[in-house]
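Visitor: Have a look at this one before I ask anything.
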Amino acid sequence: MGDRFFPNEMPAYVPETESSTAEFDDSLTKLLHLPLNILSDLLKKDALDIKHTVVKESWLGLGKRVRDFSLYTGALGTAFLLFKAYQVTGDKSDLDFSIDIIKACETALQGSRRVTFLSGEAGVYALGAVVAHHNGDKELCQHYVSHFKEIKLSIDLPDELLYGRAGFLWACLFLNKHIAPNTVSSNRMRVVVNEIMRSGRKLGNVSCPLMYEWHGKRYWGAAHGLAGIMNVLMDTELKPDEAEDVKGTLRYMIKNRFASGNYPSSEGKEADELVHWCHGAPGVALTLVKAAEVFKGEEFVQAAIDAGDVVWNRGLLKRVGICHGISGNAYVFLSLYRLTGKPEYLYRAKAFACFLHDRCETLVSEGVMHRGDRPYSLFEGIGGMALLFFDMTEPSKARFPAYEL
């Protein structure tokens with residue numbers, strides 16, 4: 001189990017010093033003591049350098065041709081990163097680059113049957129509309145919104161986030177947040193919610209009111225299972241009985257977590273191994289933070305804190321990415337900071353970011369850390385690390401991409 005992560009030898013909490021002039025034994029320790037305003041400048045510079053590399057390798061170096069259009073591992077992830085860069089720096093050239101990539105993704109998706117934000121056409125049209133909206137291009141924005149509204153969901157679509165109904169529903173919510181509240185009508189979303197609830201109740205029981213299958217397994221995590229589906233449902237207008245089923249499902253998960261505080265990857269799974277956003281405590285922690293915000297229950301606050309402790313102790317993974325790497329796990333602490341206001345969670349997010357800033361390049365070159373199978377992508381590679389570094393400039397506004405609104 002220990003070969004999946006580095007031992008976390010960083011102090012559990014270090015208060016900021018007033019300046020960066022103090023002497024420390026090593027560069028990481030010095031970074032941990034830096035005030036956020038100084039640290040964020042370093043991280044932003046790093047993020048801008050990584051952004052240039054990502055654009056070069058995933059777009060310009062490929063002759064501006066799109067092989068993989070998805071946000072998860074493909075060109076749309078680069079467009080998303082450019083949009084984040086614009087939000088941080090105000091550089092409109094990033095918006096122009098982003099739009100160019102999205103247009104190429106639109107061409108590349110022809111014939112695709114995938115419909116979600118992370119892996120399908122909903123992501124292309126939703127992000128395209130939002131970027132065009134920020135760029136003041138009303139005609140292009142409307143073009144993408146119109147195409148989004150033409151998406152049809154097949155009857156055999158799964159319910160999970162990466163490929164299923166929850167992933168399409170999240171795209172609807174993204175549009176409504178960033179353009180206007182009724183860009184996608186509540187009636188359209190209600191049809192999807194009804195299908196997700198119907199499907200979950202069919203497999204659910206008294207102990208766990210909602211349950212879902214994907215490829216024959218009853219997953220619990222954010223990408224394919226309960227945590228991801230519950231997370232999206234809580235951002236919609238739920239009927240009282242639906243809200244109770246969501247709460248009951250989350251209570252079932254909390255009750256049946258591992259003794260360590262981590263969560264199984266799927267129903268009946270006994271191996272306590274994975275501490276990733278996609279499977280394990282990180283994705284569940286983000287969902288529990290949402291539950292604490294929506295349902296105002298102390299039980300969910302404490303469960304989120306417990307899951308966050310697992311991420312601190314076992315989440316310094318030997319990978320850089322958002323989905324199953326240090327970058328994604330850092331967002332757990334940003335989410336807990338937003339929920340509790342406690343400075344130790346901001347520190348822990350800074351600590352994970354500092355570890356990447358200070359040691360990633362060396363550890364990758366030594367072969368003990370992995371940049372991902374798609375090393376420049378948003379969810380597997382260094383694109384996600386750049387996104388985290390940009391988000392560290394305004395931690396209270398940070399949101400896990402394609403998961404937190």
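Visitor: Quick check on Asp68: is it closer than 14 Å to Gly383 by Cβ, acidic (Asp, Glu) and in contact with a His (Cβ under 8 Å, 6 or more places away or on another chain)?
Guide: no
Visitor: Now for a different question. Of Leu157, Leu161, which residue is outside any helix (DSSP H, G or I), closer than 22 Å to Glu242 by Cα and over 19 Å from the mean Cα position of the chain (by Cα)?
Guide: The unique qualifying residue is Leu157.
Visitor: Which one of the conditions (1) of a type in the set (Gly, Ala, Ser); (2) closer than 23 Å to Leu127 by Cα; (3) surrounded by fewer than 17 Cβ atoms within 10 Å (Cβ to Cβ) does Ala12 fail to meet, given that it meets all the rest?
Guide: (2)
Visitor: It is to be established whether one or more residues within segment 286-308 are modelled with pLDDT of 95 or more, among the aromatic types (Phe, Trp, Tyr) and surrounded by fewer than 24 Cβ atoms within 10 Å (Cβ to Cβ).
Guide: Yes, because at least one residue in segment 286-308 is modelled with pLDDT of 95 or more, among the aromatic types (Phe, Trp, Tyr) and surrounded by fewer than 24 Cβ atoms within 10 Å (Cβ to Cβ).
Visitor: Separate question: In the set Leu169, Leu210, which member is more than 20 Å from Thr78 (Cβ to Cβ), buried (at least 24 other Cβ atoms within 10 Å of the Cβ) and in contact with a Gly (Cβ under 9 Å, 6 or more places away or on another chain)?
Guide: Leu210
Visitor: How many residues does segment 181-240 hold that are in a loop (DSSP other than H, G, I, E, B), closer than 17 Å to Lys290 by Cα and of a type in the set (Gly, Ala, Ser)?
Guide: Total satisfying the criteria: 4.
Visitor: Within segment 336-352, track down each residue that is farther than 13 Å from Gly315 by Cβ and either in contact (Cβ under 8 Å) with a residue 40 or more places away in the chain or crowded, with 24+ Cβ neighbours inside 10 Å (or both).
Guide: Answer for segment 336-352, where residues must be farther than 13 Å from Gly315 by Cβ and either in contact (Cβ under 8 Å) with a residue 40 or more places away in the chain or crowded, with 24+ Cβ neighbours inside 10 Å (or both): Tyr337, Arg338, Leu339, Pro343, Glu344, Leu346, Tyr347, Lys350.
Visitor: Take the residues in segment 353-405 that are acidic (Asp, Glu) and more than 25 Å from Tyr86 (Cβ to Cβ), then tell me which one is surrounded by the most Cβ atoms within 10 Å (Cβ to Cβ).
Guide: Result: Asp358.
Visitor: Quick one: would you say Val311 is open to solvent by 10 Å² or more (accessible area, probe 1.4 Å) and more than 23 Å from Leu81 (Cα to Cα)?
Guide: Taking the combined requirement at face value, the residue does not satisfy it.
Visitor: Among Lys177, Lys152, which is in a loop (DSSP other than H, G, I, E, B) and open to solvent by 10 Å² or more (accessible area, probe 1.4 Å)?
Guide: When all the criteria are applied, what remains is Lys152.
Visitor: If you go through segment 89-144, how many residues are open to solvent by 10 Å² or more (accessible area, probe 1.4 Å), more than 26 Å from Phe389 (Cβ to Cβ) and part of a helix (DSSP H, G or I)?
Guide: Adding up the residues that qualify gives 12.
The values are calculated or read from the model by the stated rules, or taken from the named source; none is laboratory data. Please read these numbers as outputs of a predicted model, since none were measured by experiment. Counting neighbours? That spans all protein chains shown, and the Cβs are built from the backbone with ideal geometry, glycine included. Just the protein is used for accessible areas: all its heavy atoms, side chains included, with ligands, DNA and RNA removed. Shrake-Rupley method; radii C 1.70, N 1.55, O 1.52, S 1.80 Å.
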